[in-house]
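First comes the structure, then the notes that go with it.
The values are calculated or read from the model by the stated rules, or taken from the named source; none is laboratory data. All values derive from a computational prediction rather than experimental measurement. Cβ coordinates were reconstructed from backbone atoms using ideal geometry, including for glycine residues, and neighbour counts include every protein chain displayed.
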Amino acid sequence: MTPAIEDTTVRLDLDGMTCASCAARIERKLNKLDGVAATVNFATEQPTVHCDGEIPVDRLVAAVEARGVAVERSPPTVSSSAASRRSISRC
């Protein structure tokens, strides 16, 4: 029997999303990652990413930055079923 992988929710703070199309492109890019379900809120400039605990936050950040949007470098908020919290950001 394999151990269950914890679901994790990550919220990143973005800088430079200029339109709703940018938000949609970032959402599509994140959702292409295996094990990721993401939504992006254009008004708050925050994607909410649901993924398994095996996916490193750096991989999520790289996907966003590949779309030309900066991730603020104060930690992203990460919550898991174990209720741990953490944040990342970049400018």
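Numbers at a glance
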read-out	value
Filtered residues of segment 37-47 (kept if of a type in the set (Ser, Thr, Tyr) and farther than 9 Å from GLU27 by Cα)	THR44
Within segment 45-71, tally of residues that are assigned to a helix (DSSP H, G or I), out of contact with any Lys or Arg (no Cβ under 9 Å at 6 or more places or on another chain) and either of a type in the set (D, E, K, R) or crowded, with 19+ Cβ neighbours inside 10 Å (or both)	3
Of residues in segment 50-85 being hydrophobic (A, V, I, L, M, F, W, C) and more than 20 Å from THR18 (Cα to Cα), the one modelled with the lowest pLDDT	ALA83
